[in-house]
């Protein structure tokens, strides 16, 4: 059995933090996007408070050129630990590879400020800075194509050695999504202002300069708005995927019978509702759990609430 097969079997038997990090490292750069998504979705659902796991998953996606997924995982890592410079280093590269040199430069500067002051990070930051005029003149897609000609990033092991950090499998307190978005806004991830206007070969007249500035502002607002919409849809899709994973795992455990799956189902389904409040599937599985609880321990405190929740989400009498 090869190394990947052994790690995959070990992870499926016990997908804890060390197993997930080891598997993510082994999968980095592979083209099996279905397997990568499976590992990433599980990690973001079950290790959302572990920045080391989320960092490893973000790097896995980055090495496999899955840029939106990498950005999602690294933002989640930032929610768990906003002081780890490695997170900002990789988030900066993801933004740059997606063509956003302006924000990439600011995020990489944050990595430098947090202590990851290596030649490799300085070079990447300078590269982002040099591409800002290109983004302003030709757009993010042109920047992404230019960056695509660069070599692959270093491994997590190399970057960890350079920063003096070590992998820790602790579970720090999770901050709210609003707090991390504010943190990232502070370092420029969500700022909309750009750098200086590009220098034209001939200076426009005063009237023409105002028209050009207005046009540039309108285009910038449109691009930022579309990017924000696409990213919002990606986040909703990822949350729905995580909620579905939690729901189906709970349902499979309930079908095995016994009291233990019922007792642990509440926390899972509560988390699933937080991820996807409009999921009828989660409501129906919750109702099933309540009914089984009533049968086994004569406790029916949640059946009425579960029925009402399912009906409010469009469940029919046949579903119930």
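Could you say whether any residue in the stretch 276-290 is more than 28 Å from residue 68 (Cα to Cα), in a helix (DSSP H, G or I), without any contact (Cβ under 8 Å) to a residue 24 or more places away in the chain and under 25 Å from the mean Cα position of the chain (by Cα)? Within the stretch 276-290 (the criterion being more than 28 Å from residue 68 (Cα to Cα), in a helix (DSSP H, G or I), without any contact (Cβ under 8 Å) to a residue 24 or more places away in the chain and under 25 Å from the mean Cα position of the chain (by Cα)), the answer is no, since none of the residues qualifies.
Considering only residues in the stretch 231-248 that are without any contact (Cβ under 8 Å) to a residue 60 or more places away in the chain and surrounded by fewer than 17 Cβ atoms within 10 Å (Cβ to Cβ), the one that is nearest to residue 302 (Cα to Cα) turns out to be 248.
For every residue, the table says whether it meets (1) under 30 Å from residue 75 (Cβ atoms); (2) under 25 Å from the mean Cα position of the chain (by Cα); (3) at pLDDT 80 or above.
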| site | (1), (2), (3) |
| --- | --- |
| 231 | yes, yes, no |
| 254 | no, no, no |
| 262 | no, no, no |
| 268 | yes, yes, no |
| 299 | no, no, no |
| 302 | no, no, no |
| 307 | no, no, yes |
| 315 | no, no, no |
| 319 | no, no, no |
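When the test is whether a residue is buried (at least 20 other Cβ atoms within 10 Å of the Cβ), part of a helix (DSSP H, G or I), at pLDDT 90 or above and within 16 Å of the chain's Cα centre (by Cα), residue 36 passes it. The residue list 10, 104 contains one member that is in a helix (DSSP H, G or I), free of Cβ contacts under 8 Å to residues at least 60 places away in the same chain, in contact with a helix residue (DSSP H, G or I) (Cβ under 7 Å, 6 or more places away or on another chain) and farther than 23 Å from residue 230 by Cα, which is 10. With respect to the conditions (1) surrounded by 14 or more Cβ atoms within 10 Å (Cβ to Cβ); (2) closer than 27 Å to residue 51 by Cβ; (3) modelled with pLDDT under 90, residue 150 lacks only one, and its number is (1). The condition of being closer than 30 Å to residue 142 by Cβ and part of a helix (DSSP H, G or I) does not hold for residue 18. Among the residues of this structure, residue 5 counts as one that is modelled with pLDDT under 90, farther than 18 Å from residue 66 by Cβ and assigned to a helix (DSSP H, G or I).
The values are calculated or read from the model by the stated rules, or taken from the named source; none is laboratory data. All values derive from a computational prediction rather than experimental measurement. Positions of Cβ are generated from backbone atoms using ideal geometry, with glycine treated the same way; all protein chains shown enter the neighbour counts.
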